[in-house]
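The structure appears below as structure tokens.
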Amino acid sequence: MCGDLKHMSSSLRSRVLVSTTSLWLRPLAERVPATPAGVRFARGMVATGMRLGGDLPRGTQVDRIHGATADGRTVRGEWVRGRTVTDRTRVILYVHGSAYAICSAATHRSLVARLSRVAGIAAFTVDYRLAPEHRFPAAADDVRAAYTWLLESGYAPGNILLAGDSAGGHLIVDLIAENARAGLAQPGAALLMSPLFDLTLELAARRERIRRDPMISAAAARRLVAHYTDGHASDSPRLKLSLSQGMTLPPMLIQAGGAEMLRADAHHLAEAVRAVGGRAELQIWPGQMHVFQAFDRLIPEAQRAVRAAGRFLAETTIDAVRRSA
């Protein structure tokens, strides 16, 4: 299953979910104040929605981790192992969304567990520091620390598979771009679900003029992101992502929903990767909303997309792409 999935139509359950979300969640998101109290409210609301929408597969093993790199950087998160895990040489490093301010390893446990089960690979979800308590570059530094920690734990770079959603997509591309600029070995592959690429949200705002996002407006999302970027210009290095010709990039699978505003970011990212010689497969799932993969209890498309994503992680590596080039 690849490309724009143009011949697929969304399920009735999916259309009901989009309509319902548009009726209650978007108006509520518009009213949440851009204050620390508003962020705390949003954290609770999103955590509840993620728990209700996602099912933790039976037999999943979860272990909390508090570690450190050799140079003393703290690494927090959790190991998630589906009961089908057989591959002991590779690992999924999962970087959650959303907006650098709201979610955690716990909110994404169900989604990560299902990826682990389909791929047959254990996953480590990094609990990076959140805004507004911790501003740029705290989250990016924590993702870098988690990648380094896995390397120091004995995983070869090509056996580390990156996966993430929303703001986690931005953090993943930042890690890959910084690796390339520093001449460091790249991870084996990258899965990006509804990735945020443009932190100004201008791409998203232009998309909203064509179709309104059912979950949140570009303006409201921009207010959340500003908690992280406050004090830095939008074109600051590592906030405005830049890929250059000649960079070695891992193969990427990019998934986005057809009903969400970040489908524009997904398109832009795929084009940017291809423009510098990288490999990026783009899947736009018709009628779906932001990070629809998390709602497997509610919609069948979530299960199908995670199966496609898990197969990509299981079967695609940077070394295999090099051998076939």
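The values are calculated or read from the model by the stated rules, or taken from the named source; none is laboratory data. Since we're looking at a predicted model, the values are computed, not measured. A quick note on method: Cβ atoms are made from the backbone with ideal geometry, for glycine too, and the neighbour counts reach across all protein chains shown.
Candidates ALA131, ALA119, ALA105: the one that is touching a residue at least 24 places away in the same chain (Cβ under 8 Å), buried (at least 18 other Cβ atoms within 10 Å of the Cβ) and within 17 Å of GLU315 (Cα to Cα) is ALA119. Here segment 75-123 is the region considered, the condition is being of a type in the set (A, V, I, L, M) and touching a Pro at 6+ places or on another chain (Cβ under 8 Å), and the residue that is nearest to LEU162 (Cα to Cα) is LEU93. Here VAL75 fulfils each of the conditions (1) closer than 20 Å to ARG114 by Cβ; (2) surrounded by 15 or more Cβ atoms within 10 Å (Cβ to Cβ) apart from (1). When segment 134-172 is filtered for residues that are buried (at least 18 other Cβ atoms within 10 Å of the Cβ), assigned to a helix (DSSP H, G or I) and of a type in the set (D, E, K, R), the ones remaining, listed by number, are ASP142, ARG144. For segment 81-99, a residue qualifies if it is in contact with a Leu (Cβ under 9 Å, 6 or more places away or on another chain), under 9 Å from ALA122 (Cα atoms) and in a loop (DSSP other than H, G, I, E, B), and exactly one does: GLY82.
Screening the candidates THR48, THR84 for the property of being surrounded by fewer than 20 Cβ atoms within 10 Å (Cβ to Cβ), of a type in the set (Val, Ile, Thr), at pLDDT below 95 and farther than 30 Å from PRO33 by Cβ yields one hit, THR84.
Contact map, segment 289-304: residues that are over 18 Å from ARG263 (Cα atoms) paired with residues that are acidic (Asp, Glu) and at pLDDT below 95, Cβ distance under 7 Å, separation 6+ or inter-chain. Pairs shown: ASP296/ASP55; ARG297/ASP55.
Evaluate segment 33-44: report whether one residue or more is touching a helix residue (DSSP H, G or I) at 6+ places or on another chain (Cβ under 7 Å), in a strand (DSSP E or B) and surrounded by 15 or more Cβ atoms within 10 Å (Cβ to Cβ). I'd like the intermediate steps shown before the answer.
Keep residues of segment 33-44 that are touching a helix residue (DSSP H, G or I) at 6+ places or on another chain (Cβ under 7 Å), which gives 34, 39.
Filter once more, keeping what is in a strand (DSSP E or B): none.
Looking through segment 33-44, none of the residues is touching a helix residue (DSSP H, G or I) at 6+ places or on another chain (Cβ under 7 Å), in a strand (DSSP E or B) and surrounded by 15 or more Cβ atoms within 10 Å (Cβ to Cβ).
Within segment 221-257, the only residue that satisfies the criterion of being over 19 Å from the mean Cα position of the chain (by Cα), among the aliphatic types (A, V, I, L, M) and under 22 Å from HIS134 (Cβ atoms) is ALA233.
Among the residues of segment 179-220, those identified as part of a helix (DSSP H, G or I) and over 17 Å from HIS267 (Cβ atoms) are ASN179, ALA180, ARG181, ALA182, ALA219, ALA220. For segment 214-226, the criterion of being out of contact with any strand residue (DSSP E or B) (no Cβ under 9 Å at 6 or more places or on another chain) and surrounded by fewer than 16 Cβ atoms within 10 Å (Cβ to Cβ) is met by at least one residue. Checked against the criterion of being outside any loop (DSSP other than H, G, I, E, B) and either in contact with a strand residue (DSSP E or B) (Cβ under 8 Å, 6 or more places away or on another chain) or at pLDDT 95 or above (or both), the candidates ASP71, ASP63 yield just one match: ASP63. For LEU175, indicate whether it is in contact with a Leu (Cβ under 9 Å, 6 or more places away or on another chain), in a helix (DSSP H, G or I), under 23 Å from LEU130 (Cα atoms) and not small (Gly, Ala, Ser). In short, yes.
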